[in-house]
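The values are calculated or read from the model by the stated rules, or taken from the named source; none is laboratory data. This one's a predicted model, so the numbers in the text were calculated from it and none came from an experiment. Cβ coordinates were reconstructed from backbone atoms using ideal geometry, including for glycine residues, and neighbour counts include every protein chain displayed.
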Amino acid sequence: MPADVDAPDKVLYGLTFRQLAILAVAGVAFYGAWHALHTVVPVPVLVGAAMLAGGLVFAVAVGRRDGVPLDRWLLFAVRHARAPQALTTTDTTAVLPDWVQAPSAVTLPAPLALPADAIAADGQITLAGSRAAVVAATSVNLALRTADEQAALVDTFGRWLNSLSTPTQIVVSAQPVDLHSHARGLAHTADRLPHPALAAACTDHAGFLDELAQRRDPLRRQVLIVTRTGPGERGEHVARRRAENIARSLSGLGVSTRALDAPAVTAAIAAAADPYRAARPGGLAAPDTVITGSVTHPSAPGRKP
């Protein structure tokens, strides 16, 4: 069984149907151009042009760039060049009031269509016609286990894979770790420790973390399991219950799992979009969360508070 199960089948001479179609269309075009120009243009010129064009077409048909066939890569490049570069989720078709003077030379952003519509309080993501939920899990180091333990872990993981009946995605990513903030937190904690030896050890460890952050680029591995409801499934909490079942099933592997709530799902999606963005203090609020806070109004001059 090949490693890439999604690889297209080879039809003839190690070429796929898509590659053969590109070469066949190019061959028909060259044949028509030869019959139309061989009485007008010298034959050596036509042969040279045909060899040059044939080489380009063959390179486009069989070449690859970044793991993508070259013909599709060029098509994506053309679409990206013609697509609007500024996008927004707000309504750009609203009629402006008469008192607003919008400059005519400014191009308004195009509407941004996101695959997710909303994130519920329990962490369910509303998609087009379905719902999804996210489970965070730690990893397992098989190299430190015995042969029997490795076989048991693989068997447990295989039983979970065989039990899946809906689309499920496992996302493994590496994200930077901010050791400077940990070092500062330890340095502040050292002043409150009851024993001088503990304070000295805490300060020494804070210095080690700070030095490690300067010498290295520490990363942490994040494993997310995304499950979604199948076609025809009804219910408001189906995806959430399936995520909790996944968390319980994978607990036999010796990993820590938890179904993410709305703030954690929001932070995970933001980190997936920009993994090297610095973490904001206090975390990210869910899209539908109402943010409130106490506001102190200054007293008016000449009045007693």
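Here are the numbers:
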item	result
Test: residue in segment 30-44 that is of a type in the set (S, T, N, Q), more than 30 Å from Val238 (Cα to Cα) and over 39 Å from the mean Cα position of the chain (by Cα)	yes
Selection within segment 113-128 - in a loop (DSSP other than H, G, I, E, B) and under 17 Å from the mean Cα position of the chain (by Cα)	Ala113, Leu114, Pro115, Ala116, Asp117, Leu127
Qualifying residue in segment 116-126 (condition: within 27 Å of Arg234 (Cβ to Cβ) and of a type in the set (D, E, K, R))	yes
So Ala77, is it exposed (fewer than 12 other Cβ atoms within 10 Å of the Cβ), in a helix (DSSP H, G or I) and not basic (Lys, Arg)	yes
Filter result for the condition that a residue is at pLDDT 85 or above, in a helix (DSSP H, G or I) and under 26 Å from Asp9 (Cα atoms), over Ala24, Ala33	Ala24
Any hit, segment 185-200, residues being within 31 Å of the chain's Cα centre (by Cα) and not basic (Lys, Arg)	yes
